[in-house]
Amino acid sequence: MLPNMRTFLSHASTQLLFPLSLSLTPLLVAQTFEDPSPPVVHEIEDRPAPQPVIHPELTFHAPPKPLHPDAVSEDWMDFIGPTHNAISRETHLLKEFGTDALAIVWEVAKGEGYAAPAVIGSRVILFHRIGNKEVVECLHAETGQRYWKFAYPTNYKDRYGFGNGPRCQPISDGQFVYTYGVEAKLSCLDVATGQLVWQRDLKTEFGHTLDFFGATATPLLEGNRVIVNVGAPGGPCVAAFDKDTGAMRWGSGSQWGPSYASPIPADTQAGRRVFVFAGGESRPATGGLLVINPENGKIDGSFPWRGKRYESVNASSPVIVDNQVYISECYGAGGALVRIESDGSCSKIWTNEILNTHFMTAIHKDGYLYGIDGHGPQNAPIVCIELETGKEMWRTEPEWITPVSSNGREQEYNLAPALASFLLVDGRCLVLGQYGHLAWIDLNPTEYRELDRTHLFLARQTWALPTLSKGLLYIGQNDKGVDGSATRLICYDLRAE
């Protein structure tokens, strides 16, 4: 029998499930919230953008292959990608990993945190914690050299012993980049120079409680507004800030706290709407889906959905398919498919406990949903369900036999994708496993079909969806490797010949 490293590689997680509490307290009452502290807007100095220089903790391996002349490529400036649904339009990617390790272009030392990087043109924005500072670094996409660095103090300490760094991916409109730190500091920086435009301390301004794991819901840039699931006690639950000045434009809701799921925009029969899966630390545990007009903050509809257990979270971002929204959690409520009516109100289509996603976002493809069911890292199978009915099509927990060298000995370990993330791209699904595996799988409703797989490194907490832009794949190793490797951001060459 192969040795099993799951005990070593996992953090304790209780798997008790409780029935859903459906409190139908009205949420649609119009409210007005005053801006508690409009920020100072700093004038951007008219100076040349800095040129990239060698990063002191950079290792450059080899230039990437040229991008295929017919390749479709795009920046990665929004959470879970430019389409807000973990589906990328990139093409001409490497289909087979081969027997050699996937080629590394460069790697750079990374501090604490789980935030995936953003890519804006030729610039990669890395957001992490070094010592007692949250640090934003702008790196060259193909060389890893550094354009600029910005930092500010932080005192956050995770009460459950997880990392003390930021969780939220930087977002951008191409001119500015916005970061949301683990202590709810919202910053706007000039992409070209790294100059601070404005910054808000939402924890202090709104009485943010930071909940179980700090501020972890990546904001949404929608039009000229940065939309944040603030979750202030007494409201607002959601607030929109002017992207140029940081001034609050509207606030919405007062019942539910901040979740760990990013707001997601979509066009529906009710018009352009933002979907917020809210719900923070509270007794009793409450939360659910809000349907919000991004122009004025009006809440058109709501759908209570939260596990009854106190230590539960809503962490998976909503999946919008036409006029339907799939929401899911893994602490007792499970999944629900909700119809969005023409007035923006919500009605239930079905609910079940078949695909209970933790913090990954399920993938929709051709009328079926695919994702990881459960808390993990053990008993976290890949599941396929039919969107229309919620019917389970198949489930499996692949056994990925992994050779590992440690202390001069090589052993094989029986691992699994565990809390993996999925990215649908170039006609197939790219799966990043919790322990550093990378696999191509075919998403179909008949069976689990693995096309190819490689192993990048063996470390825990590889939880963030990888960032893909212009054929380059950026993956954060967020924990020390079994081989002694330190935490780092790695740029892989995924371009086809």
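Scan the stretch 144-177 for residues that are touching a Cys at 6+ places or on another chain (Cβ under 9 Å) and either within 22 Å of C491 (Cα to Cα) or part of a loop (DSSP other than H, G, I, E, B) (or both) and jot them down. Break it down stepwise before answering.
Our first condition is that a residue be touching a Cys at 6+ places or on another chain (Cβ under 9 Å); within the stretch 144-177, this holds for 144, 146-150, 176-177.
If the condition is that a residue be touching a Cys at 6+ places or on another chain (Cβ under 9 Å) and either within 22 Å of C491 (Cα to Cα) or part of a loop (DSSP other than H, G, I, E, B) (or both), then G144, R146, Y147, W148, K149, F150, V177 are the ones that fit.
Does E90 count as crowded, with 16+ Cβ neighbours inside 10 Å and assigned to a loop (DSSP other than H, G, I, E, B)? Can you show your working first?
Numbers: crowded, with 16+ Cβ neighbours inside 10 Å: yes; assigned to a loop (DSSP other than H, G, I, E, B): yes.
Spelling it out, E90 is indeed crowded, with 16+ Cβ neighbours inside 10 Å and assigned to a loop (DSSP other than H, G, I, E, B).
Quick check: anything in the stretch 115-123 surrounded by 21 or more Cβ atoms within 10 Å (Cβ to Cβ) and among the β-branched types (V, I, T)?
Yes, because at least one residue in the stretch 115-123 is surrounded by 21 or more Cβ atoms within 10 Å (Cβ to Cβ) and among the β-branched types (V, I, T).
Tell me yes or no: at least one residue of the stretch 410-420 is over 24 Å from A315 (Cβ atoms) and aromatic (F, W, Y).
Looking only at the stretch 410-420, we keep the residues that are over 24 Å from A315 (Cβ atoms), and these are 410-414.
Keeping just the survivors that are aromatic (F, W, Y) gives 413.
Yes: the stretch 410-420 contains one or more residues that are over 24 Å from A315 (Cβ atoms) and aromatic (F, W, Y).
Any idea which residue in the stretch 95-114 is surrounded by the fewest Cβ atoms within 10 Å (Cβ to Cβ), counting only those that are among the β-branched types (V, I, T) and under 25 Å from the mean Cα position of the chain (by Cα)?
Filtering the stretch 95-114 down to residues among the β-branched types (V, I, T) leaves 99, 104-105, 108.
Filter once more, so that each one left must be under 25 Å from the mean Cα position of the chain (by Cα): 104-105, 108.
Numbers: I104: 16, V105: 23, V108: 21.
Here the residue is I104.
Which residues, taken from the stretch 259-292, are in a loop (DSSP other than H, G, I, E, B), among the hydroxyl-bearing types (S, T, Y) and within 20 Å of G335 (Cβ to Cβ)? Don't jump to the end; show me each part of the working.
First pass over the stretch 259-292, keeping only residues in a loop (DSSP other than H, G, I, E, B): 259-263, 269-270, 279-287.
Pick out the ones that are also among the hydroxyl-bearing types (S, T, Y) and you get 259-260, 262, 282, 286.
Correct list: S259, Y260, S262, T286.
Count, please, the residues in the stretch 366-391 that happen to be modelled with pLDDT of 95 or more and either surrounded by fewer than 16 Cβ atoms within 10 Å (Cβ to Cβ) or among the aromatic types (F, W, Y) (or both).
Selection size over the stretch 366-391: 8.
The conditions are (1) touching a Leu at 6+ places or on another chain (Cβ under 8 Å); (2) at pLDDT 95 or above; (3) surrounded by 16 or more Cβ atoms within 10 Å (Cβ to Cβ); (4) at negative phi, and I80 fails exactly one of them. Which is it?
With (1) touching a Leu at 6+ places or on another chain (Cβ under 8 Å); (2) at pLDDT 95 or above; (3) surrounded by 16 or more Cβ atoms within 10 Å (Cβ to Cβ); (4) at negative phi applied to I80, the lone miss is (4).
Which condition does K298 not pass, out of (1) buried (at least 23 other Cβ atoms within 10 Å of the Cβ); (2) more than 22 Å from the chain's Cα centre (by Cα); (3) more than 20 Å from H84 (Cβ to Cβ), if it passes all the others?
Just one mismatch for K298, condition (1).
Among the numbered criteria (1) closer than 19 Å to K95 by Cβ; (2) surrounded by 14 or more Cβ atoms within 10 Å (Cβ to Cβ), which one does W394 miss?
Only one criterion in (1) closer than 19 Å to K95 by Cβ; (2) surrounded by 14 or more Cβ atoms within 10 Å (Cβ to Cβ) is unmet by W394, namely (1).
Which of the strands (runs of 3 or more DSSP E) contained wholly in the stretch 373-490 include at least 2 residues that are closer than 18 Å to I104 by Cβ? Spell out how you get there, then give the answer.
Numbers: elements: 382-386, 392-396, 400-406, 409-415, 421-425, 428-432, 437-442, 449-455, 467-469, 472-477.
Once the strands (runs of 3 or more DSSP E) in the stretch 373-490 are filtered for at least 2 residues that are closer than 18 Å to I104 by Cβ, what remains is 428-432, 437-442, 449-455, 467-469, 472-477.
The values are calculated or read from the model by the stated rules, or taken from the named source; none is laboratory data. On a predicted model such as this, the values are computed, not experimentally measured, just so you know. Neighbour counts run over all protein chains shown; Cβ positions are idealised from the backbone, glycine included.
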